[in-house]
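Notes to accompany the following structure.
The values are calculated or read from the model by the stated rules, or taken from the named source; none is laboratory data. Here the structure is a predicted model, which means the values were calculated and not measured. Note that we place each Cβ from the backbone using ideal geometry, even for glycine, and neighbour counts take in every protein chain shown.
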Amino acid sequence: MWLNHVGLEHAPEGLRELALLKELLLRSKDFRVLMEGPQFSRAEKAKALEELRQRLSLSEDTVKFMRYLIEGNQVGLLPDILGAALQMYMERTRRAEAVVYSPVELEAPHMERLKGALERLLQRQVQLQVELQPELLGGVVVKVGSSMFDSSLRGQLRLLKEELIKG
C-alpha cells in the first residue's frame with residue numbers, strides 16, 4: 001500500500017525510496033531480521049544495504065539515512081519516521097488522503113462528486129482510496145486522518161437508534 005500511497009507519486013525521491021524500503025521491511029521477514037536482528041553485524045547490514053542501493057538505484061541521501069539508522073540500531077523506527085515525514089509532506093503540500101469504505105465498487109461520476117465535496121470541505125487536494133466492505137449494506141464511510149464521515153445505512157440506523165433512545 002505504501003508504494004501506492006496517496007501523494008507519493010509527487011513526493012520527493014527520498015520519501016518514495018524510504019517507502020520502498022519500509023515496504024520491503026514489512027513484506028520480507030528475512031530482510032527485517034537482517035536489518036533489525038542483533039545477530040548480524042553493522043558491517044553485514046551495511047553490505048546488504050549497498051546491494052540494495054545497486055539493485056534499486058537508491059539515492060546517496062537515502063543510503064546515508066539508512067546507514068544512520070543501522071548505526072543506531074534504529075531501523076525498526078523506519079515506519080514511524082516515514083509516517084511522520086509523509087504527514088508533514090501532505091500538510092505542507094495541502095494534500096489529504098481519504099479512505100472510502102463502500103459496499104460496492106463506486107463508479108467514476110460518484111467518485112468525482114465525492115472527491116469534489118471533500119476538497120471543498122477540507123480545502124485540500126484529496127486523493128481517494130476505496131476499500132470494499134460489503135457489510136455496510138449501503139452508503140459509504142469516509143476516513144480522512146482521524147475524522148470519519150459516515151453516511152452508511154448502518155451509520156444512519158445507529159443515529160436513528162440514538163435519537164429514539166434520547167426520546
Just to be sure, is A117 in a helix (DSSP H, G or I), out of contact with any strand residue (DSSP E or B) (no Cβ under 7 Å at 6 or more places or on another chain) and surrounded by 13 or more Cβ atoms within 10 Å (Cβ to Cβ)? yes
Of the residues in segment 48-100, those that are of a type in the set (D, E) and either modelled with pLDDT of 90 or more or farther than 29 Å from Q127 by Cβ (or both) come to E50, E51, E60, D61, E71, D80
Residue count for segment 42-90, restricted to those that are among the charged types (D, E, K, R), touching a residue at least 24 places away in the same chain (Cβ under 8 Å) and closer than 19 Å to D30 by Cβ: 2
Test L157 against the criterion of being surrounded by 12 or more Cβ atoms within 10 Å (Cβ to Cβ) and at negative phi, and give yes or no. no
All but one of (1) modelled with pLDDT under 90; (2) surrounded by 15 or more Cβ atoms within 10 Å (Cβ to Cβ); (3) in a strand (DSSP E or B) hold for K143; state the number of the condition that does not hold. (1)
Within segment 134-146, identify whether any single residue is over 21 Å from the mean Cα position of the chain (by Cα) and among the small types (G, A, S), and answer yes or no. yes
Name the single residue that is farthest from the chain's Cα centre (by Cα) among those in segment 120-131 being surrounded by 13 or more Cβ atoms within 10 Å (Cβ to Cβ) and in a strand (DSSP E or B). Q125
